[in-house]
1. Looking at the stretch 73-111, which of its residues are under 13 Å from the mean Cα position of the chain (by Cα) and under 16 Å from residue 49 (Cβ atoms)?
2. Residues of the stretch 195-219 being closer than 21 Å to residue 126 by Cα and surrounded by fewer than 16 Cβ atoms within 10 Å (Cβ to Cβ), which ones?
3. Residues that are free of Cβ contacts under 8 Å to residues at least 24 places away in the same chain and at negative phi, at least 3 per element: which strands (runs of 3 or more DSSP E) completely within the stretch 32-83 meet that?
4. Checking residue 192 against (1) buried (at least 18 other Cβ atoms within 10 Å of the Cβ); (2) under 13 Å from residue 131 (Cα atoms); (3) touching a strand residue (DSSP E or B) at 6+ places or on another chain (Cβ under 7 Å), which test does it fail?
5. I'd like to know if the stretch 154-171 contains one or more residues that are under 21 Å from the mean Cα position of the chain (by Cα) and at positive phi.
6. Is it true that some residue in the stretch 216-225 is farther than 19 Å from residue 143 by Cβ, part of a strand (DSSP E or B) and under 19 Å from the mean Cα position of the chain (by Cα)?
7. Given the structure, is residue 48 at pLDDT below 90 and over 21 Å from residue 225 (Cα atoms)?
């Protein structure tokens, strides 16, 4: 028995089959590392400091938040480093997200490699060269803190340094990476949570409580962190 090939039907079915199989994209040809998520932007909400993006990746749609950026609807993006927040409320949007991921490495390049979560003084924040900040009066240096972290645990300390990175309004706090030019082994960068604001490059004195082995969940574990600090 012979079957007549309907070329027109085949030309219609092939794109549908490819779409059902992920548009025929071979993950290997994209050089995606384990832990890298490929998503498509479905909805974009802009605020003063953040861009909120509803994305899809073959399953249920979900929301991510990134530092303010231009995001095109329907475009493919990639990310690997993110911290999920439950019942997060954006005051500016006057909206509560049941679940949202705060993403650090949102990009339209597929060659990103997944990085480990931030930990202690070994965050994936480069050590800035040329930083040399005079120790605060009645304060300590980062080297002193990291070398005696257990001694300082639970105590209030004062540290002066340069703001290397500033992340506003995450979990109701502002997050700062501080360096003063000193180090202890691999430790050179201190994460600080604070209600205060500051700009990158500013020299500030932070006074707060030292916490060690602090686990915020989703793989975000800090061997040393200065919490609820006030800046001067």
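1. Residues satisfying the conditions are 85, 100, 102, 103, 104, 106.
2. 199, 200, 201, 202, 203, 219
3. Numbers: elements: 37-46, 50-56, 62-67, 76-79.
Those strands (runs of 3 or more DSSP E) span 50-56.
4. Checking residue 192 against (1) buried (at least 18 other Cβ atoms within 10 Å of the Cβ); (2) under 13 Å from residue 131 (Cα atoms); (3) touching a strand residue (DSSP E or B) at 6+ places or on another chain (Cβ under 7 Å), the one that fails is (2).
5. Just the residues of the stretch 154-171 that are under 21 Å from the mean Cα position of the chain (by Cα), to begin with: 162-171.
Add one more test, that the residue is at positive phi, and what stays is 169, 171.
Checked against the condition, which is being under 21 Å from the mean Cα position of the chain (by Cα) and at positive phi, the stretch 154-171 yields at least one hit.
6. Kept after step one, since they are farther than 19 Å from residue 143 by Cβ, are these residues of the stretch 216-225: 216-221.
Those still in the list that are part of a strand (DSSP E or B) too: 221.
Pick out the ones that are also under 19 Å from the mean Cα position of the chain (by Cα) and you get 221.
Checked against the condition, which is being farther than 19 Å from residue 143 by Cβ, part of a strand (DSSP E or B) and under 19 Å from the mean Cα position of the chain (by Cα), the stretch 216-225 yields at least one hit.
7. Details: at pLDDT below 90: yes; over 21 Å from residue 225 (Cα atoms): yes.
So residue 48 passes the test.
The values are calculated or read from the model by the stated rules, or taken from the named source; none is laboratory data. Just so it is clear, the model here is predicted, and its values are computed rather than measured. Heads up, the Cβs are rebuilt from the backbone with ideal geometry, glycines too, and the neighbour counts pull from every protein chain shown.
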